[in-house]
Amino acid sequence: MANTPLHRQNLIESAVTLFRTQGFAGTGLSEILKKSGAPKGSLYHYFPKGKEELAAEALKVAGRVVEKTLLELATKHKQPEKLVKTYCQMLGQWMEASNFRSGCPITTTVLETVPQSETISKVSLAIFDSWKAVIANALIESGMTKAEAKKKADFTITAIGGALIQSRVQQSTLPLDNTASQLKLLFTS
């Protein structure tokens, strides 16, 4: 029984990794089980609704990691443009380290499941909102109005998501670098 919570966590972490590289549709439950080392019965024990329920939990975990990273960067860098530049550099390094095979597990899953999956739609909205809130708060602290900060934070998350996709396609960090440069201009205008 001591391994029970560990199996659940391993299933989630394996799903995050595989969704990031293969997407939701391209990842089978048998692959998740194999990678996790969890017994077959544990999958439906922890996720009785199957792959969609597991995906929702995997997205929550991945979303919290990004939110935590953004919060740490916001604490370290008081200028929003520096926060975003540093984050884009981190993403570029991560993409290069994976030979541009990894993407964002949220984006890849959302593209394949939304709007069909109400569960994943709701989870994704909450995740994106949490990221936008971090950016918006940094912009507000730099002197921007709340309304303007919310718009620019929304655009920031949208732009970075697009840059990640373009970086993967181009196998280059240039889209992330360009996005950070353009967002700097947006923040200071």
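Key figures
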{"quantity": "Estimated translational D of the chain in µm²/s (Stokes, Kirkwood radius over Cα pairs; 25 °C; 0.890 mPa s)", "calculated": "141 µm²/s"}
{"quantity": "Taking the chain and dividing mean pair separation by its residue count, relative contact order in percent (alpha carbons under 8 Å, at least six apart)", "calculated": "25 percent"}
{"quantity": "Mean accessible surface per residue for the chain, computed with a 1.4 Å probe while every protein chain stays in place, in Å²", "calculated": "54 Å²"}
{"quantity": "Protein accessible area in the chain, 1.4 Å probe - carbon and sulfur %", "calculated": "56 percent"}
{"quantity": "Most to least packed among 157-164, 33-40 [average Cβ atoms within 10 Å]", "calculated": "157-164, 33-40"}
{"quantity": "Spin-label pair residue 86/residue 130, simplified geometry with 7 Å Cα→Cβ offset, distance in nm", "calculated": "2.0 nm"}
{"quantity": "222 nm mean residue ellipticity, helices alone, for the chain (DSSP H n ≥ 4; -39,500 (n - 2.57); rounded to 500)", "calculated": "-26500 deg cm²/dmol"}
{"quantity": "Reachable aspartates and glutamates, given that their alpha-carbon falls under 14 Å from the alpha-carbon of residue 122 and they are not under 8 places away in the same chain", "calculated": "52, 53, 57"}
{"quantity": "Separation of alpha-carbon centers, segment 33-81 and segment 102-164, rounded to whole Å", "calculated": "16 Å"}
{"quantity": "Spin-label model distance (nm) - residue 44 vs residue 94, 7 Å beyond Cα toward Cβ", "calculated": "3.4 nm"}
{"quantity": "Cα long-axis angle, helix 146-170 against the chain (0 to 90 degrees, to the nearest 10)", "calculated": "60 degrees"}
{"quantity": "Crossing angle, helix 4-22 versus the chain [Cα axis fit, 0-90 degrees, rounded to tens]", "calculated": "60 degrees"}
{"quantity": "Helix 118-141 axis, angle to the chain major axis (alpha carbon atoms, nearest 10°)", "calculated": "30 degrees"}
{"quantity": "Cα-based Lys pair tally, segment 49-99, threshold under 29 Å, eight or more apart or on separate chains", "calculated": "14"}
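The values are calculated or read from the model by the stated rules, or taken from the named source; none is laboratory data. Remember, predicted model here, so these are calculated numbers, not experimental data. So basically every Cβ, Gly included, is an ideal-geometry build from the backbone, and we count neighbours across all protein chains shown. For accessibility, only protein heavy atoms count, side chains too; no ligands or nucleic acids. Shrake-Rupley method; radii C 1.70, N 1.55, O 1.52, S 1.80 Å.
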